[in-house]
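Taking it in order: structure first as C-alpha cells, then the write-up.
The values are calculated or read from the model by the stated rules, or taken from the named source; none is laboratory data. Quantities reported herein were computed from a predicted structural model and do not represent experimental measurements. A quick note on method: Cβ atoms are made from the backbone with ideal geometry, for glycine too, and the neighbour counts reach across all protein chains shown. The area values use the complete protein model at the heavy-atom level, side chains included, leaving out ligands, DNA and RNA. Shrake-Rupley method; radii C 1.70, N 1.55, O 1.52, S 1.80 Å.
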Amino acid sequence: MTTSSHKINDILEIKALSYSSDGFAVGRHEGYVIFIDRGIVGEKYRIKLIETGKSYGRGELIEILKTSKN
C-alpha cells in the first residue's frame, strides 16, 4: 500500500466528481480521494486539507474557481 504525500494545510485545486453516501462532494487529486463539505458536483474549488489519511482526506472550501452548469 502506498502512502499519500498530501499533508494537512495543503492548498489544492479539485473538481467535485460525485457525492458520498454522507452527502459530501467527492473529488480526486493525483488519485487521492478528498471529501468536500458543501461541494457541488461539477464545480471546481480551491481547498485546504483539514484531515488526511492513507487513502482519503477532507478539504475545507476556500474559493469556488468554476461553478456548476446546473
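Tell me yes or no: at least one residue of region 10-27 is among the aliphatic types (A, V, I, L, M), open to solvent by 50 Å² or more (accessible area, probe 1.4 Å) and modelled with pLDDT of 95 or more. Checked region 10-27: at least one residue is among the aliphatic types (A, V, I, L, M), open to solvent by 50 Å² or more (accessible area, probe 1.4 Å) and modelled with pLDDT of 95 or more.
Can you tell me which residue is most open to solvent (accessible area, probe 1.4 Å) among those in region 30-39 that are under 22 Å from residue 69 (Cα atoms) and modelled with pLDDT of 95 or more? Looking at residues that are under 22 Å from residue 69 (Cα atoms) and modelled with pLDDT of 95 or more, I get 35. Scanning region 32-59 for residues that are out of contact with any Ser or Thr (no Cβ under 8 Å at 6 or more places or on another chain) and of a type in the set (Val, Ile, Thr) gives 34, 36, 47, 50. Restricting to region 25-70, and then to whatever is charged (D, E, K, R) and farther than 11 Å from residue 14 by Cα, can you tell me which residue is farthest from the chain's Cα centre (by Cα)? Out of the qualifying residues, it is 69. Selection of region 42-70 for residues being closer than 14 Å to residue 24 by Cβ and open to solvent by 50 Å² or more (accessible area, probe 1.4 Å) yields 50, 51, 56, 58, 60.
Against the test of being of a type in the set (Val, Ile, Thr) and touching a residue at least 24 places away in the same chain (Cβ under 8 Å), the options 26, 41 yield a single qualifying residue, 41.
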